[in-house]
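J.: Can you keep this structure in mind? I'll have questions shortly.
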Amino acid sequence: MTQEATELLQRALALSEEERAELASTLIDSLDVLVDSNAEAAWQEEIARRAQELRSGKIKTVSWRSVREKGRAILDGKTSH
């Protein structure tokens, strides 16, 4: 990393958490020059569909604890997928 980049990083790290998050998001977005608009639209549709399923009661949420325990059991070979 150049001296200029190192100095910039130090200044960025002194920002508030919210400002750092916004800066990080903007920097990441600047690296993603090719945006597939069809993929973005598909994700928006999927998000809307899942939100509707939650609101309607068609599906239920699962606690993080349950997900973590199931994941550990799978990794430990104690259950099938």
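J.: In this structure, does Ser25 turn out to be surrounded by 10 or more Cβ atoms within 10 Å (Cβ to Cβ), modelled with pLDDT of 95 or more and of a type outside the set (A, V, I, L, M, F, W, C)? Write out each step before concluding.
T.: Details: surrounded by 10 or more Cβ atoms within 10 Å (Cβ to Cβ): yes; modelled with pLDDT of 95 or more: no; of a type outside the set (A, V, I, L, M, F, W, C): yes.
So Ser25 fails the test.
J.: Restricting to the stretch 23-81, count the residues that are of a type in the set (Asp, Glu) and within 16 Å of the chain's Cα centre (by Cα).
T.: 4
The values are calculated or read from the model by the stated rules, or taken from the named source; none is laboratory data. Source: prediction; values computed, not measured. Note: ideal-geometry Cβ built from the backbone for every residue, glycine included; neighbour counts use all protein chains shown.
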